[in-house]
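Asks: Here you go, one structure.
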Amino acid sequence: MHNEQIQHYNGYAVQASAHRLPDGSFSSNLLLELTDRVCAEGRYQFYSLDYFMSEEQALQHSTRWARNWVDTRG
């Protein structure tokens, strides 16, 4: 299973995703892209930020993590 959500936050397109692992847990993943740039230099990908027992928890974590990253570095 692979679920994605796209939101916009402070100039970034935030694409949180989660996928089920063989043990039944979910990995939280993230793609951030500057909305005013088309090239790869404004694209950041993060894999397996953490692991959760539900897809919903993994997606929520990715979204929170993205907002924190943008607020502190973006």
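Asks: Could you please tell me which pairs satisfy a Cβ distance under 7 Å, a separation of 6+ or placement on different chains, a first residue in the range 53-74 that is charged (D, E, K, R), and a second residue that is surrounded by fewer than 19 Cβ atoms within 10 Å (Cβ to Cβ) and in a helix (DSSP H, G or I)?
Replies: Taking only residues 6 or more apart or on different chains, not a single pair turns up.
Asks: Name every residue in the range 26-54 that is surrounded by fewer than 18 Cβ atoms within 10 Å (Cβ to Cβ), charged (D, E, K, R) and not in a loop (DSSP other than H, G, I, E, B), in order of residue number.
Replies: E41, R43
Asks: Within the range 6-25, is there a residue that is part of a strand (DSSP E or B), of a type outside the set (A, V, I, L, M, F, W, C), modelled with pLDDT of 95 or more and surrounded by fewer than 16 Cβ atoms within 10 Å (Cβ to Cβ)?
Replies: yes
The values are calculated or read from the model by the stated rules, or taken from the named source; none is laboratory data. For clarity, every value in this text was computed on a predicted model and none was experimentally measured. No Cβ is skipped: glycine too gets one built from the backbone with ideal geometry, and neighbour counts run over all protein chains shown.
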